[in-house]
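Q: Here it is, the structure in full.
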Amino acid sequence: MKNNLNEILGIKTSFKIKEDNNIQISSRSINNKSIFFAFQGVNSHASEYINDALNKGAELVIHDDKKYQSDKENIFYIQDLRKRFLKFLIIFYGINLKNFSFIGITGTNGKTTTSYFLYQMLLSLKKNAHYIGTIGYFSKNKIQDAGTTTPSIVDLMNYLKGLKPNEKHYIVMEVSSHALDQDRLFGLEFDTGAILNIKSDHLDYHQSITNYVNAKFKLARFCKSIIVNIDSNKNYKNLKLKYLSLSNSKKTADYFYKINHHKIEGSKITLTALKKKYSLDTNIFLDFNIENFVFAISLLHAILEEFNIGDINVKNLIMPKGRSDYFLVNKKNIIIDYAHNPDAMENLLKEVNKKFDKLIVVFGCGGDRDKLKRPEMLNIACSYSDNVIFTSDNLRNETFKSIKNDASRGNEISNVRFIKDRSLAIKCGYQDLMDNDCLLILGKGHETTQEIKGRKIFYSDYEVVNAFN
């Protein structure tokens with residue numbers, strides 16, 4: 001079958017694709033068995049790296065850059081290569097897409113938690129469930145690291161080919177705005193999807209909030225059905241397709257929920273799903289995580305016709321690592337969370353602030369990233385906490401001083417300490433804790449490195465906190 005792939009790509013060549021060939025879309029990974037596909041990238045076309053690929057031993061190069069000229073017999077130009085690529089991969093890897101149900105989840109905040117909840121619910125129903133996102137690739141028997149929130153289509157197909165054939169698999173994926181803007185999944189169709197919320201983020205990449213919103217809403221084009229949070233997505237009316245609505249304020253929504261009672265130990269929720277009412281008792285206590293939970297169970301309801309919401313036990317759901325992760329260390333309250341943009345910080349701080357006597361916040365702002373959100377994040381931290389310790393969070397190629405100065409601009413910083421060493425900043429916050437206070441450590445969550453001047457140095461907020469025991 002692989003020998004006939006030339007017909008799919010529409011090229012005339014005697015080259016025969018072999019079992020040991022591998023597919024690459026980055027010249028960094030080329031070896032002497034590689035077939036290199038060169039597409040337009042963020043800043044340049046990958047055709048610039050064709051010579052590099054050939055020097056590394058690539059057997060065949062296929063590109064869609066009409067400006068690139070070559071008379072070499074193993075370099076081919078295909079005008080509509082992007083449209084043909086997914087079909088090529090499916091046949092190359094021998095994948096039957098009918099065996100897979102893809103669920104795509106996007107939003108500024110909550111992608112990881114919603115996806116991870118849905119993954120756990122599917123496992124509890126004895127389904128072959130897989131989570132792919134920020135914290136890695138998860139299945140029942142295997143966990144592996146992920147390089148990006150949303151993998152390339154080649155990495156995804158490589159993963160799928162390793163799964164049991166002739167069985168149904170549910171692939172729950174976080175879909176980032178970068179992946180949508182770059183068409184990283186080449187038109188892969190999702191059975192259902194969700195747009196959780198859209199707030200300002202990643203403007204260093206998207207350049208404007210309009211571009212960012214448009215990128216997020218692109219997910220709807222690739223979904224057979226989609227659930228939209230109509231409370232926080234003002235643009236949902238622009239969707240030119242059928243969608244299911246989710247709301248905490250509009251009783252007419254397809255999925256309407258009400259929080260009846262919640263404490264640190266858990267919450268009681270009423271969910272009306274397509275006009276049928278359910279009472280749910282969960283171990284989740286923060287409002288925004290309850291919303292993530294409702295999204296997850298609504299997605300489950302949308303993809304499994306035989307599923308009855310009332311039949312599932314939701315008392316034992318586990319938060320993903322680095323998401324509202326609560327510790328009681330020597331009778332002191334500590335929360336580690338990945339929140340690294342203004343909206344996520346405000347949502348978290350507003351709620352946690354109500355539950356403790358005093359709140360101490362440790363956080364930083366990433367280097368070489370959106371500078372406009374730095375003063376806003378510090379302002380939010382100061383507004384909702386009693387003490388703030390501003391520290392390092394992936395300085396990259398900037399100095400701590402320049403990031404600190406950006407964050408301080410326009411802010412009253414009388415209750416702010418600036419400590420460059422993140423582990424020392426956390427220790428200082430911990431030492432200041434009294435009974436019923438809380439130390440909130442934000443920004444890195446599950447991450448295990450600090451990125452400084454092109455190097456990734458091992459670092460973990462968890463290791464710092466565990467050392468307090």
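The values are calculated or read from the model by the stated rules, or taken from the named source; none is laboratory data. Since the model is a prediction, treat every value here as computed from it, not as a measurement. All Cβ positions, even for glycine, are placed from backbone atoms using ideal geometry, and neighbour counts span all protein chains on display.
Residues are listed down the side, and each one gets a yes or a no for (1) among the acidic types (Asp, Glu); (2) crowded, with 22+ Cβ neighbours inside 10 Å; (3) out of contact with any Pro (no Cβ under 6 Å at 6 or more places or on another chain):
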{"site": "Lys358", "(1), (2), (3)": "no, no, yes"}
{"site": "Cys382", "(1), (2), (3)": "no, no, yes"}
{"site": "Ser392", "(1), (2), (3)": "no, yes, yes"}
{"site": "Thr399", "(1), (2), (3)": "no, no, yes"}
{"site": "Asn405", "(1), (2), (3)": "no, no, yes"}
{"site": "Gly410", "(1), (2), (3)": "no, no, no"}
{"site": "Arg417", "(1), (2), (3)": "no, no, yes"}
{"site": "Met434", "(1), (2), (3)": "no, no, yes"}
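Q: Exactly one of (1) over 30 Å from Asn229 (Cβ atoms); (2) in contact (Cβ under 8 Å) with a residue 24 or more places away in the chain is unmet by Asp80. Its number?
A: Status for Asp80: all satisfied but (2).
Q: Here are some conditions: (1) within 30 Å of Asn128 (Cβ to Cβ); (2) surrounded by fewer than 12 Cβ atoms within 10 Å (Cβ to Cβ). Lys16 meets all but one. Which one does it not meet?
A: Just one mismatch for Lys16, condition (1).
Q: So, one more: Please go through (1) part of a helix (DSSP H, G or I); (2) surrounded by fewer than 21 Cβ atoms within 10 Å (Cβ to Cβ) for Phe307 and return the number of the only condition it doesn't satisfy.
A: Among (1) part of a helix (DSSP H, G or I); (2) surrounded by fewer than 21 Cβ atoms within 10 Å (Cβ to Cβ), Phe307 violates only (1).
Q: Taking Ile62 as the residue in question, decide whether it is touching a residue at least 12 places away in the same chain (Cβ under 8 Å), among the β-branched types (Val, Ile, Thr), buried (at least 20 other Cβ atoms within 10 Å of the Cβ) and more than 21 Å from Glu189 (Cβ to Cβ).
A: Yes: the conditions hold for Ile62.
Q: Could you check how many residues of segment 149-177 are at pLDDT below 90 and either in a helix (DSSP H, G or I) or surrounded by fewer than 17 Cβ atoms within 10 Å (Cβ to Cβ) (or both)?
A: Selection size over segment 149-177: 1.
Q: If you don't mind, another one. Tell me, which strands (runs of 3 or more DSSP E) lie completely within segment 1-115 with 2 or more residues that are touching a Lys or Arg at 6+ places or on another chain (Cβ under 9 Å) and of a type in the set (A, V, I, L, M)?
A: In segment 1-115, no matching strands (runs of 3 or more DSSP E) lie anywhere.
Q: Restricting attention to segment 436-469, which residues are surrounded by 15 or more Cβ atoms within 10 Å (Cβ to Cβ), part of a helix (DSSP H, G or I) and among the charged types (D, E, K, R)?
A: Asp461 - this is the single residue of segment 436-469 that is surrounded by 15 or more Cβ atoms within 10 Å (Cβ to Cβ), part of a helix (DSSP H, G or I) and among the charged types (D, E, K, R).
Q: Which members of segment 407-422 meet the condition of being among the polar types (S, T, N, Q) and within 22 Å of Arg369 (Cα to Cα)?
A: First pass over segment 407-422, keeping only residues among the polar types (S, T, N, Q): 408, 411, 414-415.
Of everything in segment 407-422, those that are among the polar types (S, T, N, Q) and within 22 Å of Arg369 (Cα to Cα) turn out to be Ser408, Asn411.
Q: When you check Lys315 against the structure, is it outside any loop (DSSP other than H, G, I, E, B), charged (D, E, K, R) and surrounded by fewer than 23 Cβ atoms within 10 Å (Cβ to Cβ), yes or no?
A: The answer is no for Lys315.
Q: Can I ask one more? Might you check whether a residue that is in contact with a Cys (Cβ under 7 Å, 6 or more places away or on another chain), within 30 Å of Lys373 (Cβ to Cβ) and touching a residue at least 12 places away in the same chain (Cβ under 8 Å) occurs anywhere in segment 319-333? Step through it out loud before you land on a result.
A: So the first thing to find is which residues in segment 319-333 are in contact with a Cys (Cβ under 7 Å, 6 or more places away or on another chain), and the list is 333.
So of that shortlist, the ones also within 30 Å of Lys373 (Cβ to Cβ) come out as 333.
Cutting the leftovers down to touching a residue at least 12 places away in the same chain (Cβ under 8 Å) gives us 333.
Checked segment 319-333: at least one residue is in contact with a Cys (Cβ under 7 Å, 6 or more places away or on another chain), within 30 Å of Lys373 (Cβ to Cβ) and touching a residue at least 12 places away in the same chain (Cβ under 8 Å).
Q: Shifting gears a bit: Looking at segment 194-206, can you tell me whether even one residue there is part of a strand (DSSP E or B), under 30 Å from Pro375 (Cα atoms) and among the β-branched types (Val, Ile, Thr)? Explain how you work it out, then say what you get.
A: Let us first name the residues in segment 194-206 that are part of a strand (DSSP E or B), namely 194-195.
Cutting the leftovers down to under 30 Å from Pro375 (Cα atoms) gives us 195.
Still in the running and among the β-branched types (Val, Ile, Thr): 195.
For segment 194-206, residues part of a strand (DSSP E or B), under 30 Å from Pro375 (Cα atoms) and among the β-branched types (Val, Ile, Thr): present.
Q: Given Asn248, Asn214, which one is over 20 Å from Ser101 (Cβ atoms), buried (at least 16 other Cβ atoms within 10 Å of the Cβ) and under 23 Å from the mean Cα position of the chain (by Cα)? Can you show your working first?
A: On the way: Asn248 fails: under 23 Å from the mean Cα position of the chain (by Cα).
It is Asn214.
Q: Then there's this: Which ones in segment 370-392 are without any contact (Cβ under 8 Å) to a residue 40 or more places away in the chain and of a type in the set (Lys, Arg)?
A: Residue satisfying the conditions is Arg374 alone.
Q: Any chance you could count how many residues in segment 128-148 are in contact with a strand residue (DSSP E or B) (Cβ under 8 Å, 6 or more places away or on another chain), surrounded by fewer than 19 Cβ atoms within 10 Å (Cβ to Cβ) and in contact (Cβ under 8 Å) with a residue 24 or more places away in the chain?
A: Adding up the residues that qualify gives 1.
Q: Additional query: Taking the stated definitions as given, is Ile11 within 35 Å of the chain's Cα centre (by Cα) and either under 25 Å from Ile95 (Cβ atoms) or surrounded by 14 or more Cβ atoms within 10 Å (Cβ to Cβ) (or both)? Explain how you work it out, then say what you get.
A: On the way: within 35 Å of the chain's Cα centre (by Cα): no; either under 25 Å from Ile95 (Cβ atoms) or surrounded by 14 or more Cβ atoms within 10 Å (Cβ to Cβ) (or both): yes.
For Ile11, the condition - within 35 Å of the chain's Cα centre (by Cα) and either under 25 Å from Ile95 (Cβ atoms) or surrounded by 14 or more Cβ atoms within 10 Å (Cβ to Cβ) (or both) - is not met.
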